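Structure first, commentary second.
The values are calculated or read from the model by the stated rules, or taken from the named source; none is laboratory data. Small disclaimer: the values here were computed from a predicted structure and weren't measured. Glycine also receives a Cβ, built like all others from the backbone with ideal geometry; neighbour counts cover every protein chain displayed.
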Amino acid sequence: MAALISPSILSADFANLERDLHAIKSADYAHVDVMDNHFVPNLTLGLPVFDRLAAISPLPLDAHLMIDDPDRWAPAFAEAGAASVTFHAEAAQAPVRLARELRRLGARAGVALRPATPVEPFLDLLAEVDMILVMTVEPGFGGQTFIDGTLAKIRRARQAISDSGLDVWIQVDGGVSRSTIERAADAGANVFVAGSAVFGAEDIPAEIEALRDLASAHTH
C-alpha cells in the first residue's frame, strides 16, 4: 500500500493559499481543515473558500470537516469538488447514510475519530467507508504533539481492515513529522497529514519527499 502525503493548509499562509497549494504540488492531496467553532474551539474556512480552492488547486482536496451537523453540510463539499470528505464520528447522526451520499456524489468517504473515541464500533462498517482518520492530537489546532497512545488504535484498525480484505485507508492527523511518521506507518497508517512540518520547512518539496520516503519504508 502506497504512503500518501496530505499537507494541511491550516499551516499555510491564508493570504496566499493559491501560492502555497502550488508549493505542495508534489504531495498526493491537500488537506483542508474546516472548523466551525462549535465542534472544535477554532474557526477556519467554509464552503465558499473551499469551492474556490477546488477550482484552482493543483492537487485533489482532502476535506476534514470538524463541524457540527456534517449530515447536513458534508455533501456540499463533495459537490464542490472534494476528492475525499471526512466527517467526525462524534458529530454524525447517520454515518452510514452520510458515507453513502458522499460516495454517490463522487467523493471518497472518511470517518474521523478523536484520540479517545474507540474504533471498534466502526469496524463492522468498514465496507461503507474508504478511510478512517485516527486523530493523533485533539482536533482544533495545528502544531500539537503526537499522542503515542493512538498507535494501538491504528493497529487494531489495520488488523480489522486486513482481515476484511477491503481497501480502506488509515489516515493520521496531528503532530506528524519526521520524528513520528515512521511509528504511525509501522502501526498501519498509509495517509499522513503534516502541517507545520511541511510549511515550516525551508525546502517544502524536499520535506514532502523525505516524509514520503520515511513512511514508505514502514507502510504495510
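Quick look at the numbers
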{"read-out": "Every residue from the stretch 123-139 that is surrounded by 20 or more Cβ atoms within 10 Å (Cβ to Cβ) and either closer than 24 Å to residue 200 by Cβ or without any contact (Cβ under 8 Å) to a residue 40 or more places away in the chain (or both)", "value": "129, 132, 133, 134, 135, 136, 137, 139"}
{"read-out": "Checklist (1) outside any helix (DSSP H, G or I); (2) modelled with pLDDT of 95 or more; (3) small (Gly, Ala, Ser) applied to residue 143, failing item", "value": "(2)"}
{"read-out": "The stretch 104-117 residues that are within 9 Å of residue 87 (Cα to Cα) and without any contact (Cβ under 8 Å) to a residue 24 or more places away in the chain, paired with ones that are of a type outside the set (Val, Ile, Thr) and surrounded by fewer than 24 Cβ atoms within 10 Å (Cβ to Cβ) (beta carbon under 7 Å, 6 or more apart)", "value": "none"}
{"read-out": "Residues of the stretch 1-23 satisfying the condition of being polar (S, T, N, Q), surrounded by 22 or more Cβ atoms within 10 Å (Cβ to Cβ) and outside any loop (DSSP other than H, G, I, E, B)", "value": "8"}
{"read-out": "Tabulated pairs, the stretch 27-48, first under 14 Å from residue 173 (Cβ atoms), second of a type in the set (Asp, Glu) and in a loop (DSSP other than H, G, I, E, B), C-beta under 9 angstrom, 6+ apart or interchain", "value": "40/138"}
{"read-out": "Filtered residues of the stretch 10-26 (kept if of a type in the set (A, V, I, L, M) and either without any contact (Cβ under 8 Å) to a residue 60 or more places away in the chain or over 16 Å from residue 200 (Cβ atoms) (or both))", "value": "15, 17, 21"}
{"read-out": "Residue in the stretch 52-64 that is crowded, with 22+ Cβ neighbours inside 10 Å, closer than 19 Å to residue 196 by Cβ, touching a helix residue (DSSP H, G or I) at 6+ places or on another chain (Cβ under 9 Å) and of a type in the set (A, V, I, L, M) present", "value": "no"}
{"read-out": "Test set (1) part of a helix (DSSP H, G or I); (2) touching a residue at least 60 places away in the same chain (Cβ under 8 Å); (3) buried (at least 24 other Cβ atoms within 10 Å of the Cβ) - residue 197 fails condition number", "value": "(2)"}
